[in-house]
Amino acid sequence: MPSEAPTVLTTHGTIRGTAAGGVHAFKGIPYAAPIAGPARFEAPGEPERWDGTRDASRFSPGVPQPAFVGAPTPLWTPGDGDDCLSVNVWTPDPGSAGLPVLVWLYGGAFIIGSSSQPDYDGAILAAGGAVVVTLNYRVGLEGFGALPGRPANRWLRDQLAALRWVQDNIAAFGGDPANVTVFGQSAGATSVVTLVAAEAGRGLFRRAIGQSVAGTVKTEDEALAVTGRIAAALGVPATDEGFAAVPAEAIHAVQGRPGEITPYGPVLDGELVLGLPWHHLRGEVDLVVGFTRDEFRLFAMLEGLTEADPVATAAGVGLPPSALAEYRAAHPGISDLDLHNLILSDRIFRMPSLWCARHHPGRAFCYEFTWPSPAFGGALGACHGIEVGLTFGNLAGGLTELLLGSPTPPEAAVLSKEIRKAWLAFAADGDPGWPAFGSADGGVVGSAEGGVVGSADGGVVGSAEGGVAGSAEGGLVRRWDVPIDVVADPEPVSRRIWEPFLG
């Protein structure tokens, strides 16, 4: 039942939110200035103060982006306002103090995404005892495009500005600015580990959760080449002045290429992004990182793939014929399409996530999500993005309903409860409820629930009483499935294949 609308005083003025079900929500709060005119390709500016009480009951406009398949309403349309760099806050009690804080960074291939997506509603997660923050950051050319004379990685500068806003304001919502956890999926997970690797992120958060890290960075020349291609397609100079007169929707129409997930990624700028994130992670940040078993199946379905040439796939990602033979030997009878999906799952998400856990110099925990979705006759498996709605407890509507199917399978509700419990526990004290990845150096482990510990091939290796010694090479990993357990070195073949190239 709705209660009295709460007000909070922020550093830029007073806001009035809404309250329902014991959770208070404040939406569309500016953390940076509008991106109108020249600000479109600049670092985020400071928002202006306001007098009186600002309504915070609705999301701000989204950042410029193309249409998003599966969204019930557009995340952005031409003519939407430029005041899109905003945060949203859900809190169980703005009058309390010291609550852990979770700050979400959305995915979307660096091209799409909005904090207004129903999958990211923070009410259920906040009801578990945390302050939940979601935010908009620039995507596409506005956020990731390299432009001569303009600051690189504007998306990351947006995120840093939002995290500084959290430091300055979250105590007014009951949160602890000294106990902030950043979490995100896909492009958002890549953002998370980039922030952990960036010196500019020091002191802005204490913990981090990366769900399906994409292991891609762009050199400046590569990023400029993308800008040049887009400019050529539009017939304008590859400069901010050249793009200034071009409507955003015209850029959206030409920025991607067939068969390419995204042309964008973090740019090696020598300032914020110094290299592959797992080579630069800061040890003082506790880290949870993981991946899904069948990451690429979703993209294959979206592309309408019914067949593939794994020889070409392997060559395209730089794997020698011997690696392809090793894949086939480890997965006898695998179809060409499934092998294509496996190779790209490993290259794009699974191995980069694993290397982040393996190379983190501090406390690191790893997971693999293996519960298969029944949607589309089981064709998706444990696909990319399947766990996002489970993370927030939002199991109906949005992309989550598409990936889980309808009605929601009861196993999804069980997994959602356990994932939320783990993420909230990690945000509170740094322990998600299973052994650290580095515990695999001969220690004895049992599952967090006292159940059995499975081997990589699904067999039972030891009971909770007897435990199982982990692999020093592969590490201990939480396996999100029904039942939930802990395994040692869950993907040894893929790990060995990719180590010379990504490790």
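Consider Pro148 carefully, then state whether it is open to solvent by 10 Å² or more (accessible area, probe 1.4 Å), in contact (Cβ under 8 Å) with a residue 12 or more places away in the chain, touching a strand residue (DSSP E or B) at 6+ places or on another chain (Cβ under 8 Å) and outside any helix (DSSP H, G or I).
The answer is no for Pro148.
Among the candidates Ala32, Ala20, Ala97, Ala25, single out the residue that is in contact (Cβ under 8 Å) with a residue 60 or more places away in the chain and more than 25 Å from Leu204 (Cβ to Cβ).
Working: Ala32 fails: more than 25 Å from Leu204 (Cβ to Cβ); Ala97 fails: more than 25 Å from Leu204 (Cβ to Cβ); Ala25 fails: more than 25 Å from Leu204 (Cβ to Cβ).
After applying the criteria, what remains is Ala20.
Mind checking which strands (runs of 3 or more DSSP E) fall wholly inside segment 1-91 and carry at least 1 residues that are farther than 30 Å from Ala244 by Cα and of a type in the set (Asp, Glu)? Before the answer, list the steps.
Numbers: elements: 7-10, 13-16, 18-20, 23-30, 53-55, 86-91.
Qualifying strands (runs of 3 or more DSSP E): 53-55.
Can you name the residue in segment 387-438 that is assigned to a loop (DSSP other than H, G, I, E, B) and of a type in the set (A, V, I, L, M) and is also farthest from Val487 (Cα to Cα) among such residues?
First pass over segment 387-438, keeping only residues assigned to a loop (DSSP other than H, G, I, E, B): 387, 393-397, 405-409, 430-436.
From the residues that got through so far, the ones that are of a type in the set (A, V, I, L, M) too are 395-396, 436.
Values: Leu395: 27, Ala396: 30, Ala436: 12 Å.
For segment 387-438, the residue satisfying everything is Ala396.
Output the residues belonging to segment 334-377 that are part of a helix (DSSP H, G or I) and open to solvent by 20 Å² or more (accessible area, probe 1.4 Å). Can you show your working first?
Filtering segment 334-377 for residues part of a helix (DSSP H, G or I) gives 336-359, 375-377.
Matches in segment 334-377: Asp336, Leu337, Asp338, His340, Leu342, Leu344, Arg347, Ile348, Arg358, His359, Phe376, Gly377.
Which of the residues belonging to segment 112-132 are touching a strand residue (DSSP E or B) at 6+ places or on another chain (Cβ under 7 Å), over 30 Å from Pro263 (Cβ atoms) and open to solvent by 10 Å² or more (accessible area, probe 1.4 Å)? Reasoning before the result, please.
Filtering segment 112-132 for residues touching a strand residue (DSSP E or B) at 6+ places or on another chain (Cβ under 7 Å) gives 115, 120, 122-123, 125-127, 129-132.
Right, trim to over 30 Å from Pro263 (Cβ atoms) and you get 122-123, 125-127, 129-132.
Ala123, Ala127, Gly129 - these are the residues of segment 112-132 that are touching a strand residue (DSSP E or B) at 6+ places or on another chain (Cβ under 7 Å), over 30 Å from Pro263 (Cβ atoms) and open to solvent by 10 Å² or more (accessible area, probe 1.4 Å).
Those residues that are part of a loop (DSSP other than H, G, I, E, B) and either open to solvent by 20 Å² or more (accessible area, probe 1.4 Å) or within 18 Å of Ala364 (Cβ to Cβ) (or both), I need them from segment 264-291; list them, please. Outline the logic, then answer.
To start, the set of residues in segment 264-291 that are part of a loop (DSSP other than H, G, I, E, B) comprises 264-266, 268-276, 280-285.
Passing the criteria: Leu268, Asp269, Gly270, Glu271, Leu274, Leu276, His280, Leu281, Arg282, Gly283, Glu284, Val285.
Any chance you could count how many residues in segment 55-88 are open to solvent by 50 Å² or more (accessible area, probe 1.4 Å) and touching a Gly at 6+ places or on another chain (Cβ under 6 Å)?
Summing the residues that are open to solvent by 50 Å² or more (accessible area, probe 1.4 Å) and touching a Gly at 6+ places or on another chain (Cβ under 6 Å) in segment 55-88 gives 2.
Of these, Phe205, Phe183, which one is of a type in the set (Phe, Trp, Tyr) and open to solvent by 10 Å² or more (accessible area, probe 1.4 Å)? Quick ask: steps written out before the conclusion?
Numbers: Phe183 fails: open to solvent by 10 Å² or more (accessible area, probe 1.4 Å).
After applying the criteria, what remains is Phe205.
The values are calculated or read from the model by the stated rules, or taken from the named source; none is laboratory data. All values derive from a computational prediction rather than experimental measurement. Cβ: placed from backbone, ideal geometry, glycine included. Neighbour counts: every protein chain shown. Heavy atoms of the whole protein, side chains included, go into the accessibility calculation; ligands, DNA and RNA do not. Shrake-Rupley method; radii C 1.70, N 1.55, O 1.52, S 1.80 Å.
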